[in-house]
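Below: the structure, in structure tokens.
The values are calculated or read from the model by the stated rules, or taken from the named source; none is laboratory data. Since we're looking at a predicted model, the values are computed, not measured. So basically every Cβ, Gly included, is an ideal-geometry build from the backbone, and we count neighbours across all protein chains shown. To get the accessible areas, we keep the full protein, side chains included, count just its heavy atoms, and leave off ligands, DNA and RNA. Shrake-Rupley method; radii C 1.70, N 1.55, O 1.52, S 1.80 Å.
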Amino acid sequence: MRVSIVVAAAENGTIGADGGIPWKLPDDQRHFKALTTGHHIVMGRRTHESIGRLLPDRTTIIVSRDPDYRVPGAHTAHGLEAALEVARDAGESEVFVVGGERLYALALPFADRIHLTRVHARIVGDTRFPVADELDRAGFMLESAEPRSRDARHDHDFTFELWRRRGG
């Protein structure tokens, strides 16, 4: 099973501010939906609570240390490895880790791919993608990059980047 990370991060690594996403990029949301629809997604409890609902047409696994935490319609796991096991047991071909900061840090050693939307701005926030500016040093190589320009619908220039683990 392939393990992929999906993240949008500013050039300084910011991925969130005050429990939300600090930019408006509708094409990034469409890209996220296209990647993850029909697959298992793994997210932390805080990420789930910031979204406020289960995302349609995906199987959601929420990682929480609280043994009593339950969300109707979702799986709950008490760690990343347990979450990956749920997807593996279901016969998943590719599982997507979708946040937040702590889960991304835990997922990096397992990740085969990183789908990074690089937001071309330095944005103040309180959550970060741990290695947004040093993926090459973390063992990944850039496979493709598709730049997009700021316009009336998009707050910033951004690039869809696909990073693949070296030797993978």
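Semi-axes of the stretch 44-158's equivalent ellipsoid from the Cα gyration tensor, sqrt of 5 times each eigenvalue, largest first, rounded to whole Å?
Values: eigenvalues 146, 65, 42 Å².
Working through the eigenvalues yields semi-axes of 27, 18, 15 Å.
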Computed E for ASP155/VAL71 - FRET, C-beta separation, R0 35 angstrom, nearest 0.05: 0.70
Helix-derived mean residue ellipticity, 222 nm - over the chain, DSSP H n ≥ 4, -39500 (n - 2.57), to 500: -6000 deg cm²/dmol
Approximate spin-label separation ASP18-ARG30, in nm, with each point projected 7 Å along Cα-to-Cβ: 2.8 nm
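Could you please put GLU94, GLU143 in sequence from largest to smallest accessible area, using a 1.4 Å probe? Please list the in-between numbers first.
Numbers: GLU94 20, GLU143 90 Å².
Largest accessible area first, the residues go GLU143, GLU94.
How big is the dipole moment of the stretch 43-149 about its Cα centre under a simple scheme where the beta carbon of each Lys and Arg is +1, that of each Asp and Glu is -1, and everything else is neutral? Debye, nearest 20, please. Could the numbers behind the result be given before it?
Values: 14 positive and 17 negative charges, 78 e Å.
For the stretch 43-149, the charge dipole is close to 380 debye.
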Degrees separating the helix 26-36 axis from the principal Cα axis of the chain, which is the longest one: 40 degrees
Percent carbon-and-sulfur accessible area, the stretch 60-168, ignoring ligands, DNA and RNA, probe 1.4 Å: 49 percent
Per residue accessible area in Å² of the stretch 2-122, where ligands, DNA and RNA are left out and the probe is 1.4 Å: 48 Å²
